[in-house]
Amino acid sequence: MQSGLIATNATEFEALEELGRRNYHAFDITKSRQSQRVGPIDIKLKKADRRGNCYTMELLVDDKKVEKRNRSLLEPVQFYVPGARIPHEIVVNKIEKNYIVGHLSSPKVKKR
């Protein structure tokens, strides 16, 4: 089940944060060999295609790598963190050559 709340600009991003249901972490990631820490996970951009509006990224969650291939602009990418009942969600709202901008939303509910 997708959250249905996707921010496409700074104003909408601020509105989502004010709702207070989830934690939001904005990011801008450049393709490199190193991953970048975004909230509770590490993200590494492997490919970004501006013309095709798609990208491929690698997520590192609790020492496990998961590759998300050929994802589209504004497509919610959901994944679970071990011990969590509610999924985390990544939305990319800008794709450039070897560069993406978006946000990660994570549930405020803590692990039990």
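The values are calculated or read from the model by the stated rules, or taken from the named source; none is laboratory data. As the structure is a computational prediction, the values presented were derived from the model and not from experiment. Virtual Cβ from ideal backbone geometry, glycine too; neighbours counted across all protein chains shown. Accessible surface is based on the protein model in full, side chains and every heavy atom, while ligands, DNA and RNA are left aside. Shrake-Rupley method; radii C 1.70, N 1.55, O 1.52, S 1.80 Å.
The residue of region 87-109 that is farthest from Y55 (Cα to Cα), among those that are among the hydrophobic types (A, V, I, L, M, F, W, C) and surrounded by 16 or more Cβ atoms within 10 Å (Cβ to Cβ), is L104. When E58, E75 are checked against the criterion of being assigned to a strand (DSSP E or B), at negative phi and out of contact with any Pro (no Cβ under 8 Å at 6 or more places or on another chain), E58 stands alone in meeting it. On inspection, R51 passes the criterion of being in a loop (DSSP other than H, G, I, E, B) and either open to solvent by 60 Å² or more (accessible area, probe 1.4 Å) or not charged (D, E, K, R) (or both).
Looking only at residues in region 13-34 that are assigned to a loop (DSSP other than H, G, I, E, B) and open to solvent by less than 60 Å² (accessible area, probe 1.4 Å), the one that is modelled with the lowest pLDDT is G20.
Hey, L60 hits all of (1) open to solvent by less than 70 Å² (accessible area, probe 1.4 Å); (2) closer than 24 Å to T11 by Cα but one; which does it fall short on? Among (1) open to solvent by less than 70 Å² (accessible area, probe 1.4 Å); (2) closer than 24 Å to T11 by Cα, L60 violates only (2). Across region 67-85, the number of residues qualifying as surrounded by fewer than 16 Cβ atoms within 10 Å (Cβ to Cβ) and without any contact (Cβ under 8 Å) to a residue 40 or more places away in the chain comes to 9.
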